[in-house]
There are 2 protein chains.
Amino acid sequence: MNEIGLDSAGEGTAGRREAVLDVVLALLVEKGAAALTMTAVARRASCSKETLYKWFGDREGLLTETVRWQASKVRAGAYDRQHLDAGALRESLEGFAANWLTVISSETSVALNRIAIGQAETLGGIVLANGRFAIGERLKPLLLDARAAGLVAFDDAEEAFRTFFGLAGRDVQIRRLLGDRFAIDAAADARRAVDQFLALYGATKTPAMAG
Amino acid sequence: MNEIGLDSAGEGTAGRREAVLDVVLALLVEKGAAALTMTAVARRASCSKETLYKWFGDREGLLTETVRWQASKVRAGAYDRQHLDAGALRESLEGFAANWLTVISSETSVALNRIAIGQAETLGGIVLANGRFAIGERLKPLLLDARAAGLVAFDDAEEAFRTFFGLAGRDVQIRRLLGDRFAIDAAADARRAVDQFLALYGATKTPAMAG
DNA sequence: ACCGAACCGTAACGTACGGTACGGCGACGT
DNA sequence: ACGTCGCCGTACCGTACGTTACGGTTCGGT
């Protein structure tokens, strides 16, 4: 039951907070948002509720910190911007799409999005900023570099990204959120999405629908 | 306060149940899922809690019936299958996309999806069946007829639909669910989505990425 | 006029949860 | 050695909600 250990590793209280946040994530995934009570967190984390409130203020603070903590773990490495030929572009785009698909399909992401949607006023903005918009800001430089290299053609990088987002995600996220557990081949889906995206925006082929 | 009227219209108890369900929807949209208590529903619907429990069993039964009730209201008309030329296909697809975008952007749909996601085990399947899968089954015949008419080319109608779904919806639903209120031009988005879909699957142009 | 069914309004009950208070205990500095 | 600090475990409090029960009222049928 004790998942933390009484500070035996000598990591001080540094890792304790994060251990608590991991307990929140684990409970969220295993039991769902309804079972996420302060008592359950305290018991699972082998800490007292008093400590929980001292560290995180209240329940909402605990949830907020958990969302940020998970977001900080998901950040994928930035992609190399050198030697951007057609192959490198394709590889980077597929990496983005496959990683994104893997993340939004994971139980942790689904559970976190569920609770954020349930409290859209307070948590929705955080998840949105660290999810949808964060990946947009990380992908746009790649798209702009690709355009500068004459590999793709578009007017608005935001619109191009939204199309990429749609082609990659399709119905995956909403189905997962609504409880549909179906198999996903992230690599194959990423390849298909990139094929379709380049068919629409690629400059080497017929530049259809660039506006 | 009384939104129903004491059966004065002589509609018997036929419309009373539906009136209660509309109250649930209104409360969901106005106050959010957290404020949806049985007491609030009873007060707003000018009925007693005892009646609520007699009619719907328990809180979950009330929610389930509400989801079904809303789903029955959203059904759009089937599209004409005659004279399927390129123009008619485009028009039908745009109609589908625009209607779908309007629905998923509506406050009612967002509120209902939020609560369904929060209770994915019990309500998620219902929303999924009446939303994502229902529109899929309604769109596929159109796609198959279009393929038979030589207007589009694809191997798997399900995959073609999922692409259409992604091109139309993109990030709209997840952003709305997470509380992002941004303007949407359903007609323009539908036009763009259909343009892109036909660029990928249209048989008149280069049939790229059909597999 | 009378009966019974359905329903309204409200009170009541049990439970569960967020948040707080308290006693005890091990660790650490002096 | 000893006081202090932080934390654990638990008990506790107030509240809110789901659910049930009950008295009073309306209304259709006979």
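The values are calculated or read from the model by the stated rules, or taken from the named source; none is laboratory data. Since the structure is predicted, the reported quantities are computational estimates derived from the model, not experimental observations. Don't worry about glycine lacking a Cβ; one is built from the backbone with ideal geometry, like all the others, and counts go over all protein chains shown. Ligands, DNA and RNA are excluded from the accessible area calculation, which covers all protein heavy atoms including side chains. Shrake-Rupley method; radii C 1.70, N 1.55, O 1.52, S 1.80 Å.
Tabulated results
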item: From B:L93, B:L139, B:L63, B:L143, residue being aliphatic (A, V, I, L, M) and not assigned by TED's automatic domain parsing to the domain that holds B:D180; result: B:L63
item: Failed condition for A:Q82, given (1) closer than 27 Å to B:G118 by Cβ; (2) without any contact (Cβ under 8 Å) to a residue 60 or more places away in the chain; result: (1)
item: Residues being touching a residue at least 12 places away in the same chain (Cβ under 8 Å) and within 11 Å of another protein chain (Cβ to nearest Cβ) - total across the stretch B:180-190; result: 1
item: Complete set of residues in the stretch A:19-62 that are within 14 Å of chain B (Cβ to nearest Cβ) and away from DNA strand D (no atom under 14 Å from the Cβ); result: A:L28, A:V29, A:E30, A:K31, A:G32, A:A33, A:A35, A:L36, A:E60
item: Residues within the stretch A:143-161 that are within 12 Å of chain B (Cβ to nearest Cβ), in contact with a helix residue (DSSP H, G or I) (Cβ under 8 Å, 6 or more places away or on another chain) and open to solvent by 20 Å² or more (accessible area, probe 1.4 Å), tallied; result: 1
item: So B:F182, is it at pLDDT 95 or above and over 30 Å from B:E30 (Cβ atoms); result: no
item: Residues (over 18 Å from the mean Cα position of the chain (by Cα), of a type in the set (G, A, S) and within 24 Å of B:Q173 (Cα to Cα)) located in the stretch A:129-178; result: A:A157, A:A160
item: Which numbered condition A:R181 fails, given (1) part of a helix (DSSP H, G or I); (2) open to solvent by 30 Å² or more (accessible area, probe 1.4 Å); (3) basic (K, R); result: (1)
item: Of all residues in the stretch B:77-102 being under 19 Å from the mean Cα position of the chain (by Cα) and open to solvent by less than 30 Å² (accessible area, probe 1.4 Å), the one that is nearest to B:A19 (Cα to Cα); result: B:L101
item: Residue tally, condition surrounded by fewer than 16 Cβ atoms within 10 Å (Cβ to Cβ) and either more than 7 Å from DNA strand C (Cβ to nearest atom) or assigned by TED's automatic domain parsing to the domain that holds A:V110 (or both), over the stretch A:24-42; result: 5
item: Test: residue in the stretch B:112-126 that is crowded, with 21+ Cβ neighbours inside 10 Å, within 25 Å of B:Y201 (Cβ to Cβ) and within 12 Å of chain A (Cβ to nearest Cβ); result: no
